[in-house]
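Below is one structure, written out as structure tokens; comments come after it.
The values are calculated or read from the model by the stated rules, or taken from the named source; none is laboratory data. Since this is a predicted model, take the numbers as computed values, not measurements. Cβ sites come from the backbone with ideal geometry, for glycine too, and all protein chains shown count toward neighbours.
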Amino acid sequence: MRTYKRKVGSRSYKSSYTPEALQKAVKEIQEGKISLRKAHKQYKIPLGTLSHRVARKHGRKVGHPTVFTADEEQAFIDHINVVASWGFPFDAFDVRILVKTYLEKQGKVVKQFANNIPSADFVRSFLFRHKEQLSLRRCQNIKRTRASVSAAEVKEYFSNLKETLDNGREPIRKENIFNYDETNLSDNPGTKKCIYKRGVKYPERIKDSTKSAISVMFCGSASGDMLPAYVVYKAENLWSTWTEGGPKGTRYNRSRSGWFDACCFNDWFETLFVRHARNLPGKKVLIGDNLSSHFTPTVLQLAAENDILFVCLPPNATHLLQPLDVAFYRPLKGYWRKVNRSCLFVEFCQQLFVRLIISFQNWQDNIYKIVLTVSRFI
């Protein structure tokens, strides 16, 4: 929103009367208690303004109409407030991406927006229109080092988690408590001790590795049930041969970076988690990382419709508080490296990945249940 500077000598548009006075004057004129000219002198309101209001002309707001309706803008406000209440507020660019995502979902194109992305002026105007509900404030930066996580933050997280799980008089059942996290599985089997001739300066072994990784989303419940894995390849297109012969129920996708983006998370949430959660009575709790890009309007809507609550981990604390990171991924990746070594002279590819992941599907289910059993005695 640009700041307008009035030219010297130009007409002033600031009203010298209140909306209540205008409403009262128009009502008296319509009831015949007073004439237009007398109301003009008594209430100090221009004759043209009174005439238009009595004739019900020019009743809309001054200025260019907004792109979105009041209900649509309120939906944006609710979305921003929900994510901010989880501790991960939007910045101005996040709001622009939120609007672009909404327009693409609705199939709309706004000619004022370049590439259908609103400008920074739109965000400033949006915040100004809704200054009673939203404010742009400078937040305190959190250090990147994970060691900076304080005991107070951890205590506050567990306090909020306990309050969520207690759920008033009806505690949430363990079958309805889930933890999700994504990780990457690379074709690098890691280092291994081997036997060489004494005195060899550079002990090496032949292993073609591309240094690329394939992202996998795992999700399990507190009762020991694992959902099917969700695999994301780094590619422009998803070929059918990359999805054949894999574990039952596994879903596949692709992204340019090879990591989970808003589209991939939305698809995982809708096709795997929500489909499983619908069969469970009562509230469901989903514990996971704090990426605001994951929480699209579709995710929030599905969560509300299926009685699903998100509990986000504190920033930079996944090494301490993410259950899958702490107890599950270390043994899983150790076993994955063993599987990788079994195909030492075979070129790694997506088709091979599908076959390899089957070999440790049963192992991952068993280790997840073992981890849960051991954690109950700690």
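Data for the structure
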| item | result |
| --- | --- |
| Residue in segment 64-98 that is surrounded by the fewest Cβ atoms within 10 Å (Cβ to Cβ), counting only those that are farther than 30 Å from ASN160 by Cβ and β-branched (Val, Ile, Thr) | THR69 |
| Restricting segment 318-349 to residues that are part of a loop (DSSP other than H, G, I, E, B) and buried (at least 19 other Cβ atoms within 10 Å of the Cβ), the residue that is modelled with the highest pLDDT | GLN322 |
| Residue check, ALA92 in contact with a Leu (Cβ under 8 Å, 6 or more places away or on another chain) and in contact (Cβ under 8 Å) with a residue 24 or more places away in the chain | yes |
| Residue match in segment 208-218 (condition: in contact (Cβ under 8 Å) with a residue 40 or more places away in the chain, touching a strand residue (DSSP E or B) at 6+ places or on another chain (Cβ under 6 Å) and of a type in the set (Phe, Trp, Tyr)) | no |
| Checking GLN133 against (1) over 26 Å from ASP307 (Cα atoms); (2) at pLDDT 80 or above; (3) not charged (D, E, K, R), the condition it does not meet | (1) |
| Matching residues in segment 213-259 - criterion: being under 18 Å from ASP289 (Cα atoms) and small (Gly, Ala, Ser) | SER215, GLY220, SER221, ALA222, ALA229, GLY258 |
| ASP365 vs. criteria in the same structural domain as PRO171 (by TED's automatic domain parsing), charged (D, E, K, R), at pLDDT below 90 and more than 18 Å from ASN184 (Cβ to Cβ) | yes |
| Any hit, segment 146-153, residues being at pLDDT 70 or above, under 30 Å from ALA277 (Cα atoms) and surrounded by 13 or more Cβ atoms within 10 Å (Cβ to Cβ) | yes |
| Test for LYS41: is it of a type in the set (D, E, K, R) and either at pLDDT below 80 or under 46 Å from the mean Cα position of the chain (by Cα) (or both) | no |
